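Asker: Have a look at the structure that comes next, please.
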Amino acid sequence: MNPAAPAPPDPAAAISVRGLVVAFGDKRVLDGLDLDVRRGEVMGFVGPSGSGKSVLTRTILGLVPRRSGEILVLGRDIARISRPEAAAVERRLGVLFQQGALFSGLTVAQNVEAPMREHLRLSPRLRGELARLKLALAGLPDDAADKYPAELSGGMVKRAALARALALDPEILFLDEPTAGLDPIGAGEFDDLIATLRESLGLTVFMVTHDLDSLFAICDRVAALGSGRVIAVGPPRELAASGDAWLSAYFRGKRGRAAAQARTG
Amino acid sequence: MSGAPTFTASQDRAGALLALAGDWTIGARELEDRADALVRETLGARAVTFDCSSIGKLDTGGAWTIDRALQALAAAGASVAYAGASREHAELIEAARFRAFAAPPRAPRSVLLDYLADMGAAMRMAGGDVVVGVAFLGRVVATVAAAAARPSRFRRTSVSHHLEQFGVRSVPIIALINFLVGGIVAQQGIFQLASFGAQPFAVDLVGILVLRELGVLLTSIMMAGRSGSAITAEIGSMKMREEIDAIVVMGLDPMETLVAPRAIALALALPLLTFVADMAGLFGGALVAWSYAGIPPVVYFARIKAAIGVSTFLSGLIKAPFMALVIALIATREGLAVGGSAESLGRRVTESVVKAIFMVIVIDGLFAVFFAAIDF
C-alpha cells in the first residue's frame, strides 16, 4: 500500500520526505513517513483529526523538530544546511496558516509588504503596487488594503493571508485548511482562486484539507495519512475507490458521495 | 539559468523592438532600473513590440514591471504589443496586468494641530476613565455584595487560586525588596543623623517610615507590576480569543467569574503581604543598625517599641486593601478593554501598570493628608 519505495529522496521533487519520525515524548505522531510532491502539482492531505497532517506541514516548514528522517524541500534539506541557506529556501515557500496569522498591528497592505520589505530591495512605490496586485490576485477589493485584520471577515482574512503568502512569488504554497470556516460559496471561490493562481503562477500546492469539494475540484493527487504514515496516495477518484476502511468511510460517506457526484455531473 | 534581466532595443521604420532576456523576477536587483530603461529607450517610437521569447524566469513582480513599462509607452501614444511570450508567461502577464491603484487619500494636516488634538483626546479620555472607573467600581461592589448575600455562588476555588498566585508566590520578592529598603533607610538615617549626634533616632526613622509608608507603598507598586500586569494580560487574551463572550453567552457574568475573585484575592493578599513587608523592612533596618552603628538588636527593638504606637503600625495596613482594590479595578478594566490586536494587548498591559502605580501613589498621598488631619 505504501507508494514510496525505500529509495533515496528525490531532489527533483518539490518536496521529498523519507523515513520521517516526529515524536512528542513517547507518542510517535509521524512514524517513518515517505512522501513525494512533484513540482507543479496540487497535493491534498487528508486523514482523521490527530493523524499528523498539521505536524507534517510544520515539520516540513522546520517549525517542529524531527527525530529522524530526511526532508528535501526544493532539493535542499533545511535542517542540514546553514541558516542563511535555509532562509533562502524558506523565501521560496509561501504559507497560509489556518487562522491567517496576519500581523494584527499592521494594515492588510502592510502585511503583504512585510516580507517584501524584509527580503527585497524595492522602491516603496513598486512595493505598494505589488502588494495591491497580490491583494487583487487574491480577490480582495481595493478598499480592504488599508484596513486592519480585526476589521475583516473570516473569508477576507484568508484572502489577505493568501496575498501575503504570495508576496515573494513562492514556488511552493502551503495551505492549512484553506476553506475551513468559509461559507460554501466562499470556499468554492477560494478553490477556483487557488486553481487559477496555480495555473498562472505555476505553483506547487501542498494543501491540508477536510473539504471534500476542494479535494475533487483542485487536487491532482491526494495523500491519506494514518498511523503516522501515508497509507494511500493517488488521484482523488482512485482513492475514493480504494478498499481502506477509513478512506471508504471518508469518501463514501454521505458528504463524500455528494461531492463526487457534483464533480461527475 | 540566464541571470539578470536584460534587453536589447532595435528600431526600424515600423517601430521599436525590445527583446527581453534573462530572469525578470522580483528578486533581481536591477529589475526596476531595467523596466524604467525600457520606457526611456523607446519613448517617442510610434509602435513598440515587447519580444518575450528569450525571457528565462518570470514572476508576478517582473510581469508587473514589464506591463507597467508597456502601459507607460501606450499612455505616451505608442501602439504596443507583446510577441513571442510562452503560454505560461502570457498567462502570468495577463494575471499581473498593470492597473493604477488609487493612492490612499491622506489629508494634509499640521503637526501642531495633531498635537493639540491628541492632547484634547487624551484629556477627554482621562475624564472618561474616571467616570468609567467609578461605574466599574460600583459593579464590582454590587457583584461582591451579591456574592456575600449568597455564599454558595462565591467562587472559593478561584479566589484561593489567585490568593496563591498574588499572595504566596509574591512573598519572597516582597520580603527581599523591603528588607533591602529597610536597610538602606537605616544606613542613610545613621549616616545623616550622625552629624547631629542623633544616631539612635535612625531607629525611629526606620520604624515610622517603613510601617507608615514604605512597606505598603513598595508592596503595592510591586503588586501593580507583578499581579496587575498578569491580570490584564490574562483577561485581555481571553477577550481576544472570545472567551469572555463565551462566558457571557453561557449566562455567566464576567464580573462574577473573573473580576470579583481577582479583586477579593488581591484585597486579601495585599494586607498580608504588607505585614510581611513591614517585618522584613524592620529586620533589614535592625541588621544595618547593628553592623553599621553598633546598635544591638535588643536595643533596636526596645527603641522601636518605644518609638511607634499601634496607630503607626495600623496606618500602613489600613491602606493596603484600598491599594489592592485600585490595582484590581484598573487591571481588570484594562484587560476587558483589550481589542483585537496584539498591539492593543501590549498597550493595555502598559496602561494598567502605569495607571495602577500612579493611583497607588495618589491614594497614599490622600491617606497621608487624612491621617495628619485626624491626628492618627
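Asker: No solvent, one uniform scatterer per C-alpha: report log10 I(q)/I(0) for the range A:106-169 via the Debye equation at q = 0.13, 0.15, 0.16, 0.29 1/Å, two decimals.
Answerer: -0.27, -0.36, -0.41, -1.31
Asker: Then there is this: What do you reckon, how do B:Leu209, B:Leu345 stack up by accessible area (1.4 Å probe), largest on top?
Answerer: B:Leu209, B:Leu345
Asker: Right, another one. Take each uninterrupted DSSP H stretch in chain B, measure its Cα extent along the helix axis, and return the ones at 18 Å or beyond whose mean Kyte-Doolittle hydropathy is at least 0.0.
Answerer: Helix filter hits for chain B: B:60-75, B:111-149, B:171-193, B:260-293, B:310-336, B:342-373.
Asker: On to the next question. For the pair B:Arg241 and A:Arg237, what calculated FRET efficiency results from E = 1/(1 + (r/R0)^6), where r is the Cβ-Cβ distance and R0 = 41 Å, to the nearest 0.05?
Answerer: It comes out at approximately 0.55.
Asker: For chain A, with equal point scatterers placed on the C-alpha atoms only and solvent neglected, what are the log10 I(q)/I(0) values from the Debye formula at q = 0.15, 0.16 1/Å, to two decimals?
Answerer: -1.12, -1.25
Asker: A further question follows. Is the range B:134-373 rounded, prolate or oblate when judged by the Cα gyration tensor, a ≥ b ≥ c being the square roots of its eigenvalues, rounded requiring a/c under 1.5 and prolate requiring a/b larger than b/c?
Answerer: Since a/c reaches 1.5 and a/b is larger than b/c, the shape of the range B:134-373 is classed as prolate.
Asker: A further question on this structure: For a Förster distance of 25 Å, can you work out the FRET efficiency between the beta-carbons of A:Leu63 and A:Thr196, rounded to the nearest 0.05?
Answerer: The computed FRET efficiency comes out at 0.30.
Asker: Is the shape of the range B:65-164 best called rounded, prolate or oblate, per the rule: a/c under 1.5 gives rounded, else a/b larger than b/c gives prolate, else oblate, with a ≥ b ≥ c the square roots of the Cα gyration tensor eigenvalues?
Answerer: It comes out oblate by the Cα gyration axes.
Asker: Moving on to the next point. Quick check: with the 1.4 Å probe, what order do A:Phe190, B:Phe301 take by accessible area, largest first?
Answerer: B:Phe301, A:Phe190
Asker: Follow-up. Convex hull over the alpha-carbon atoms of the range B:209-319: what's its volume per residue in Å³?
Answerer: Per-residue hull volume (Cα only) is 93 Å³.
Asker: Continuing with this model, one more query. Within the set of other residues whose C-beta is less than 15 Å from the C-beta of B:Val132, count the net charge using Lys and Arg as +1 and Asp and Glu as -1.
Answerer: So the surrounding residues net to +2.
Asker: Give the interface area between chains A and B as buried accessible surface, both sides summed, probe 1.4 Å, in Å² to the nearest 100.
Answerer: By this definition, chains A and B bury close to 2000 Å².
Asker: While we're looking at this one, here's another question. Just to verify a number: what accessible area does B:Val134 come out at with the full protein assembly present, 1.4 Å probe, Å² rounded to tens?
Answerer: Surface open to solvent at B:Val134 totals about 90 Å².
Asker: Moving to a separate point now. Quick check: net charge around B:Thr274, other residues with Cβ under 15 Å of its Cβ, Lys/Arg +1 and Asp/Glu -1?
Answerer: So the surrounding residues net to 0.
Asker: Can you return the lysines within cross-link range of A:Lys27? Criterion is Cα-Cα under 21 Å, with same-chain partners fewer than 8 residues away left out.
Answerer: Filter leaves A:Lys53.
Asker: Another one. If you count only protein heavy atoms and use a 1.4 Å probe, how large is the accessible surface of B:Phe98, to the nearest 10 Å²?
Answerer: Looks like 50 Å² after rounding.
Asker: Which value, in Å³ per residue, describes the convex hull spanned by the Cα atoms of the protein assembly as shown?
Answerer: Per-residue hull volume (Cα only) is 258 Å³.
Asker: OK, next. For the range A:137-265, give the share of DSSP beta bridges that are antiparallel, in percent and rounded to the nearest 5; count only bridges with both residues there.
Answerer: Of the beta bridges lying entirely in the range A:137-265, close to 50 percent run antiparallel.
Asker: Another question about this same structure. Determine the sum of side-chain charges near A:Arg121: Lys and Arg each +1, Asp and Glu each -1, restricted to other residues whose C-beta is under 12 angstrom from that of A:Arg121.
Answerer: Local net charge: -1.
Asker: B:Asp118 to B:Leu366: FRET efficiency via 1/(1 + (r/R0)^6), r the Cβ-Cβ distance, R0 22 Å, to the nearest 0.05?
Answerer: Rounded to the nearest 0.05, the efficiency is 0.15.
Asker: Which positions within the range B:69-101 get 40 Å² or more of their accessible surface covered by the other protein chains, compared to the chain by itself, with a 1.4 angstrom probe?
Answerer: Correct list: B:Glu91, B:Ala95, B:Phe101.
Asker: How crowded by other chains is A:190-202, given as the mean number of beta carbons from other chains within 10 Å of each beta carbon?
Answerer: Mean shielding count: 3.
Asker: Could you work out, residue by residue across A:65-73, how many beta carbons of other chains sit within 10 Å of that residue's beta carbon, and then give the average as an integer?
Answerer: 0
Asker: Roll a 1.4 Å probe over the protein heavy atoms and report the accessible area of B:His161 in Å², nearest 10.
Answerer: B:His161 exposes around 90 Å² with every protein chain in place.
Asker: When DSSP assigns beta bridges and you keep just the ones with both residues in chain B, what percent turn out antiparallel, to the nearest 5?
Answerer: 35 percent
The values are calculated or read from the model by the stated rules, or taken from the named source; none is laboratory data. None of these values were measured; they are calculated from a predicted model. No Cβ is skipped: glycine too gets one built from the backbone with ideal geometry, and neighbour counts run over all protein chains shown. Side chains are part of the model used for accessible areas, which takes the heavy atoms of the whole protein and leaves out ligands, DNA and RNA. Shrake-Rupley method; radii C 1.70, N 1.55, O 1.52, S 1.80 Å.
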